[in-house]
Amino acid sequence: MQNTSVDFERQVTIKLADAKLQQALSRLQSRFVEGRAAVISEISDFEETRSAAAAIRDRVLNDLEHWLMHFEQQATARGAIVHWAETAADVNRIVTEIAALHGVRTAAKSKSMVSEECGLNDALELAGVTVMETDLGEYILQLAHEAPSHIVAPVVHKNKEEISDLFAEKHQLPRKTGIAELCREAREVLRPAFLNADMGISGANFLVAETGSALIVTNEGNGRLVTTLPRVHVAITGIEKVVPTLEDVTTLLRLLPRSATGQSITNYVSVLTGNKNKEDHDGPEHFHIILLDNGRSSLIGGEMQEMLRCIRCGACMNHCPVYQNIGGHAYGWVYPGPMGSILTPLLGGLEKSPDLPNASTLCGACAVVCPVKIPLPDLLRKLREKQMERGMKSRRETLSLKAWAWLALHPPVYALATKFGVRMMSLLGGKNKLLHTLPGASGWTDGRDFPAPEGLTFREMYQRRNRQ
Amino acid sequence: MNAREKILGRIRNAQARTNGAAVTATHTEAVASHLALHPRGPLPPHPDNLLARFKECALKLSSDVLETGDRKEVPTLLARYLNERNLPVSGVCWPSLAGLPWSTAGLDMQPRPAKNQDLVGVTGAFCAIAETGTLMLLSGTETPATTSLLPETHVAVLDPRRIVAAMEDAWDLLRREYKQPPRAVNFISGPSRTADIEQTVTLGAHGPYRVLLILAPA
C-alpha cells in the first residue's frame, strides 16, 4: 500500500469536518473501549498477565534469529514451505510464483494487514489471479475500492446505509436494510468463493516455534474456510510474530481478544501445522508460510525494538483521542493510531511521515491499555527527538524553540518578557478576559478562545510571598 | 546471499552489537531449555466446578447446552432440539458417532465429511475448556474439520470428563495423547459472528449460525 502519510495535516482538516465519520468513530468508544473494560476484570491479575506477555515478546525479540530458525525447522519438518521476504515486493513475487506453480486462478483471502502492507491483491490481479476478500469488513472495502481504516474493524468508517447501497449496487439484489440481512447476503455471495478457490491466503497472528504452527484468530469463520478448503494455503506474516511455546501463545491469547474487541476469546482460534495427510479429507495439500521483514530487522537491538512486541490488537487506537477524532485513513498507511504513528515512520522512513510522531497529545492512554506494555508515548518522543537531531522540524518550530531556549538561559530577560507579555494579554483580553486571536497561534484560537492571564506572573507572586 | 541469510544476518549483527559476540551457544541452550520446560504464564484461579463453569461460559458465548447421562439418548435430544426450531433433520456426523441410534430418533446422519449443502454437522471434541466455554477439535481422517464449519448448525457431543480448566491443560492433554499437533487444532467458542457493520454483533457469519453442545459420558 502506498504511504501517503506526508499528507496528514490536510487529511486531518477534512476528517474533522466529516460529521458521518465522527458519528461512526463514536461507536468504537461504546463497543470496544467499554467492552475491553468489562472483560479485563475476568483476569484476576491483569497487570501480571501483561508483564508476562511483554516478557514473552522480549524473549523472542532478544533472540529472534534462533527462534525464527527453530520455527522454520519445525514447520519444514511438518511439510510446510517457509519463504523469506525482505520487502513487500518480494512477498508479491513469492505469492505470484506459488500461484503460477500450482495453476491457481482464484484465491480467497482472510484478513491480513501484512498483505495490505504489500498491496498483494493488486499484484495478484496483475498476474491474472482473481482475489476475493472474505472477511466481511475487508469484502465491503474491496467492493468500495477503499483501504481499511482500523486494523481490527476495517470498515468502522462506514455506516450500514452506505453498505446497503453498496451491496444493492454490486450484488444486483433487492436492497437490504438490517445488519443481519446484510451479513446473510454477504455469506451467500461469498460461500462459492471459498468452495471454488484454488488458493487460500491468510495472515498469522502468531507463529509457534515449538510446533512450527501458524495461529489464526477469527470470529467469522472465513479464516478457517480459506485454510481448510483450497488446495493451497499461503500464510503471510512478519518475522517478529514468533512465540516460543503453546503455553506462551496461550498467555498472549488471554490478552489479544480482550484488548481488541472486548471478547474473552475469539470464536475460532486455529493452530495450523503442516499440510494434509494423504488419507485426510480436508486441508491444503500445500502449505506455504511467508516471513516478511520490510524494515522490521532494522529495529532489532535498537532503542525502538519494543515496538516489535506489538500483537496488533488495536487497543491503542481505540483509546487514542487523536484517532477517535480523525479515524484511520488520515494516517495515510496501513497502521493508524499510536502504533501506526510509530511503525509507519520506522518502516517507511521518518522523512515520509513528518507529522505522525507529533500526532499525539502524549496523554498516555495507549501505554496504559497496551497488552504487551509498549511504552508508546516514549517511542513517539524518541521519534520527535530524531526529527530535531536531523533538522527535520519546520523553520518556524526550530526558531521558536531557539528563541525560547535563549530566553530560558537568560532569567532577567525571561522575567521581563513574561511580565510584559502577561500585562499585554491581560489588557487585550478586555472585559470578557478572552483572546479571540493570538499571533502565531491561530491553530489554537481558530477553534476556541484563549483565556487571558490575570494578575501577576508566577515569579512576581513567588517574590511577594517570600517577602511576607 | 539469499533473503533468508540476509534477514537472519541483519538480526545476528544487531544482536551481537547489544549482547556481545559470544552469545550464540548460550542462546541456543536457552531456546532448548525454554522449549523443554514450556513454563505456564499467570493462570486464572482453578474453578471449583469445571462442568458448571464450562456451561456458564458456553451459554455466555451463545452456545446451546443439553445434558444426558446416557450417550444413546443423544439422537433423541438432538431431534427435539432441531424440531423445536424447525431445522432440517438430516446432515453429517463424524464416523466415530455413526453407531448412535440416529434413525430411531428420526434423524438421517451420514458418516462422512460435510459438503456445502449439508445443514447439520455432528462432531465429537478432543476436550473442552472451562475457562472460556471453548471446544477443542483436532482435524484428522476420522474427524474432518469441515463438519464443524460448513453446516449452519454444529452439534458437538462432549464427554463431561474431558472438560479441563484452562487451555494450558488442553495442551498437556494433547502432548500426552499425541506426539505432535494434527494439521489443524480448532478451538471453537460458540456460533460464528461478525461485528464489522457498525460494531453490532451478528451471529452466523461464514460458519455455523448455532452451536449445540450435548454433554454425554462416552
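Highest-first packing order for the peptide set A:29-42, A:73-86, A:230-243 is A:230-243, A:73-86, A:29-42, based on the mean count of other beta carbon atoms within 10 Å. Take the Cβ atoms of B:ARG71 and A:GLU42, set R0 to 41 Å, and the FRET efficiency comes out at 0.80. Counting 0.36 nm for each residue step from A:ARG390 to A:VAL189 and taking away their Cα separation leaves a gain of 67.1 nm.
Counting Cβ atoms of other protein chains within 10 Å of each Cβ in B:121-133 and taking the mean gives 1. Would you work out if the stretch A:148-211 is rounded, prolate or oblate? Take a ≥ b ≥ c from the square roots of the eigenvalues of the alpha-carbon gyration tensor; rounded if a/c is under 1.5, else prolate when a/b is larger than b/c, oblate otherwise. Oblate shape, in that a/c is at least 1.5 and b/c is the bigger or equal ratio. A simple packing score, the average count of other Cβ atoms within 10 Å per residue, orders the peptides A:201-207, A:223-229, B:92-98, A:450-456 as A:223-229, A:201-207, B:92-98, A:450-456, with the highest score first. Peptide A:258-267 shows a mean partner chain C-beta count of 5 within 10 Å per residue C-beta. Distance between Cα centroids, the stretch A:261-296 to the stretch A:44-75: provide it in whole Å. Centre-to-centre (Cα) distance: 19 Å. Taking 0.36 nm per residue of sequence separation and removing the Cα-Cα distance, the A:THR4/A:THR76 pair yields an extension gain of 22.1 nm. Could you compute the net charge surrounding A:GLU188? Neighbours are other residues with a C-beta less than 13 Å from the C-beta of A:GLU188; K and R count +1, D and E count -1. Every neighbour counted, the sum reads +1. Packing, taken as the mean count of other beta carbons within 10 Å per residue, orders the peptides A:93-104, A:3-14, B:134-145 from highest to lowest as B:134-145, A:93-104, A:3-14. Distance between the modelled labels on A:SER30 and A:LEU438, one decimal in nanometres: 3.6 nm (7 Å Cα→Cβ projection).
Rounded, prolate or oblate: which fits the stretch B:78-218, taking a ≥ b ≥ c as square roots of the Cα gyration tensor eigenvalues, rounded meaning a/c under 1.5, else prolate when a/b beats b/c? Since a/c reaches 1.5 but b/c is at least a/b, the shape of the stretch B:78-218 is classed as oblate. Between chains A and B, what is the buried accessible area in Å², counting both sides, with a 1.4 Å probe and ligands, DNA and RNA left out, to the nearest 100? Adding both sides of the contact gives about 7400 Å². In this simple spin-label approximation, A:SER51 and A:LYS431 carry label points 7 Å from Cα along the Cα→Cβ vector, and these lie 6.0 nm apart.
Between A:ARG448 and B:ARG176, the FRET efficiency estimated from the beta carbon spacing at R0 = 56 angstrom works out to 0.30.
A helix-only calculation puts chain A at -14500 deg cm²/dmol for mean residue ellipticity at 222 nm, using -39500 (n - 2.57) for each DSSP H run of at least four residues, averaged over all residues. For the protein assembly as shown, the cysteines with no partner cysteine C-beta closer than 4.7 Å are A:CYS118, A:CYS183, A:CYS310, A:CYS313, A:CYS320, A:CYS363, A:CYS370, B:CYS57, B:CYS93, B:CYS127. Share of carbon and sulfur in the accessible area of the stretch A:10-114 stands at 54%, probe radius 1.4 Å. On a per residue basis, the protein assembly as shown carries 41 Å² of accessible surface, using protein heavy atoms and a 1.4 Å probe. Treating each Cα of the protein assembly as shown as one equal point scatterer and applying the Debye formula with no solvent, the log10 of I(q)/I(0) at q = 0.12 Å⁻¹ comes out as -1.34.
The label point for A:ALA19 and the one for B:LEU51, both projected 7 Å from the Cα toward the Cβ, are 5.9 nm apart. Rounded, prolate or oblate: which fits the stretch A:1-82 when a ≥ b ≥ c are the square roots of the eigenvalues of the alpha-carbon gyration tensor, with rounded for a/c under 1.5 and prolate only if a/b beats b/c? Oblate, because a/c is 1.5 or more while a/b does not exceed b/c. Suppose we compare each residue of the stretch B:170-186 in its chain alone and in the full protein complex with a 1.4 Å probe; which ones drop by at least 20 Å² of accessible area? Relative to the lone chain, where solvent access is computed with a 1.4 Å probe, the stretch B:170-186 loses at least 20 Å² at B:TRP171, B:ARG175, B:GLN180, B:PRO181, B:ARG183, B:VAL185, B:ASN186. Scaled against 2.2 N^0.38 Å for its residue count N, the alpha carbon radius of gyration of the stretch A:66-222 is 1.14. Are there any trypsin sites (Lys or Arg not before Pro) in the stretch A:391-468 that are in a DSSP loop and have at most 12 other Cβ atoms within 10 Å? List them by number. Loop-located and lightly packed - A:LYS431, A:ARG448.
With a Förster radius of 22 Å applied to the beta-carbon distance between A:LEU399 and A:ARG465, the computed FRET efficiency rounds to 0.05. Take each residue of peptide A:222-234, count the partner chain Cβ atoms within 10 Å of its Cβ, and average: the result is 3.
The values are calculated or read from the model by the stated rules, or taken from the named source; none is laboratory data. Not measured: the values here are computed from a predicted model. FYI the Cβ positions are ideal-geometry reconstructions off the backbone, even for glycines, and counts take in every protein chain you see. Note: areas computed on protein heavy atoms with side chains; ligands, DNA, RNA excluded. Shrake-Rupley method; radii C 1.70, N 1.55, O 1.52, S 1.80 Å.
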